[in-house]
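Comments concern the structure below.
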Amino acid sequence: MKKITLLIFVFLLMNSCTKEYIPRNIKTIDIQKFKIDSTSIRSIVAVDAKTVYYAGSRGDVGYTDDNGKSWTTEYLFYKDSIKPHFRSFTKNGDDFFAISIGNPALLYKISKNNTQLVYTEEHEKIFYDSMKFFTDGKHGIAVGDPTDICASIIITSDGGSTWNKIPCDKLPVFEEGEAFFAASNTNIKTIGSTVWIASGGKKARILKSDDFGKTWQIFNTPMIQGNGPQGIYSIDFYDKNNGIIIGGDYSKPLENKANKAITNDGGKTWTLVANGENPNYKSCVQYVPNTNGKEVFAVGKTGISFSKDGGNSWKDVSKESYYTIDFVDKNTAWLSGNNKIGKLDLQ
C-alpha cells in the first residue's frame, strides 16, 4: 500500500511540474487613465495594484498609492534652475534612482527623507538612456550613448551610493553611429548577475555581461539597422535563455519589417518573428509574469499589441499610445505616456 501511495504521489508531482500553461486569448483591453499635466513619462516603477512611481521630463518625480485617486509630485532642480529631464528611473530596496538625459548627466538617489545627487558627468555627447539594479540589491547599472569608442556604462556595487564609469578598454568597441534609445527604460534587462543591453542606429546589437558588468560580450541581431532611428528599442528576458527584442524605425512607425526577434540561447543568436506583420514600431516589450514566457505585451505610439505564443504571432488590442508598461503580476500592469499614466487590469 505504501508503494502504491508513493507512486501516485510521484505521478501527481510529475504531472503538476510538466503541465503546460494555457495562455489567455486577449482580444481587447480597457485601460484606466490618469492625466499627469505637462510631462512626458517614459519610465515608471510599478509597486503593486494601487501604487506606481514615475519620473518625468520636467524634473518631476511622483507617485500614487491609492489607485490614482491622488498624486504626490516633487520637482528636482540642479543649481536652483536646471530641471533634469528624466527618462530612466528604477527602485532598489526602499530607494529610488533617476538619471537625466543630456549634459550634465545627473543621477539622484531618492530616499524617504532625503534626496542626494550621487553621480554627475559632463560631456558634450553625454546622454544616459536607461538604468536597472540587479536582484542582489547591491549592484546596479546605467547605460548611455558613446562619448568615446564604446558605450557609456556606469556601475555601482554598494546599492547606489557611489557610481563609476567602465573604461573603454573593458568594453566592446562601438560602430560610429551606434547608440541607444531612451524610449522606455527597457533597452536593458537584468537577471541574477546577468545584464543584456540593446543598441540601435548604425548597428542593432546585444551587449551581455554575466558578472555584474566586469566582462562583456557583444552579439549581432537581424533587426533593422543602418541609420539613426532604426534598431532595438526594448529587450526583455523571461529567464536566462529565452528573450525578446522589439523596435523598428521611429521615423517610419507603421513599418513592421525586421523589428522583432526572439532568442532561446541567452542572446547569442536571434530569429526574426512576425516579419512583415504587426506589431509595427514599438518602444517597449514585456513578458507577462507567471505565464511561462507565452504572454507578451508590446506598447508604443502606434498602440498596444499582445502575443500568446511568446512573440511569434500578435494581435493589436488597443490603439492607445503609451511609451512603457510595467507589470505588477499576471493580471495588473501600469503604463505611462505623454501627460498620462494608465492602469491595465486583465482579470
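The values are calculated or read from the model by the stated rules, or taken from the named source; none is laboratory data. These numbers come from a predicted model, not from an experiment. Cβ sites come from the backbone with ideal geometry, for glycine too, and all protein chains shown count toward neighbours.
Here is how the numbers come out for the structure above:
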| quantity | calculated |
| --- | --- |
| Leu117 modelled with pLDDT of 95 or more and surrounded by 17 or more Cβ atoms within 10 Å (Cβ to Cβ) | no |
| Hey, Thr190 of a type in the set (Ser, Thr, Tyr) and in a loop (DSSP other than H, G, I, E, B) or not | no |
| Selected residue (criterion: surrounded by the fewest Cβ atoms within 10 Å (Cβ to Cβ)) from residues of the range 249-270 that are in contact with a Lys or Arg (Cβ under 7 Å, 6 or more places away or on another chain) and under 22 Å from Ile325 (Cβ atoms) | Pro253 |
| Filtered residues of the range 45-54 (kept if within 14 Å of the chain's Cα centre (by Cα) and crowded, with 24+ Cβ neighbours inside 10 Å) | Tyr54 |
| Count of the range 147-191 residues which are farther than 23 Å from Ile232 by Cα and hydroxyl-bearing (Ser, Thr, Tyr) | 4 |
| Candidates Gly160, Gly144 - the one that is buried (at least 21 other Cβ atoms within 10 Å of the Cβ), farther than 18 Å from Ser199 by Cβ and under 21 Å from the mean Cα position of the chain (by Cα) | Gly160 |
| Odd one out for Phe219, checked against (1) in a strand (DSSP E or B); (2) closer than 24 Å to Arg87 by Cβ | (2) |
| Any hit, the range 296-303, residues being within 20 Å of Ile206 (Cα to Cα) and surrounded by fewer than 22 Cβ atoms within 10 Å (Cβ to Cβ) | no |
| Residue that is surrounded by the most Cβ atoms within 10 Å (Cβ to Cβ) [pool: residues in the range 206-245 that are touching a Gly at 6+ places or on another chain (Cβ under 8 Å) and of a type in the set (A, V, I, L, M)] | Ile232 |
| Tally, over the range 270-316, of residues that are hydroxyl-bearing (Ser, Thr, Tyr) and over 16 Å from Ile26 (Cβ atoms) | 4 |
| Near pairs, Cβ below 6 angstrom, 6+ apart or cross-chain, from the range 204-222 (under 16 Å from Ile155 (Cβ atoms)) to any residue that is part of a strand (DSSP E or B) and among the aromatic types (Phe, Trp, Tyr) | Lys208/Trp196 |
| Residue match in the range 17-32 (condition: closer than 22 Å to Asp129 by Cα, among the basic types (Lys, Arg) and at pLDDT 95 or above) | no |
| First in the range 298-322 and at negative phi, second anywhere and among the hydrophobic types (A, V, I, L, M, F, W, C) and at pLDDT below 95, Cβ under 8 Å, 6 or more apart | none |
| Qualifying residue in the range 233-240 (condition: more than 19 Å from Phe297 (Cβ to Cβ), assigned to a loop (DSSP other than H, G, I, E, B) and either in contact with a strand residue (DSSP E or B) (Cβ under 9 Å, 6 or more places away or on another chain) or not acidic (Asp, Glu) (or both)) | yes |
| Test for Ala183: is it without any contact (Cβ under 8 Å) to a residue 60 or more places away in the chain and within 26 Å of Ala298 (Cα to Cα) | no |
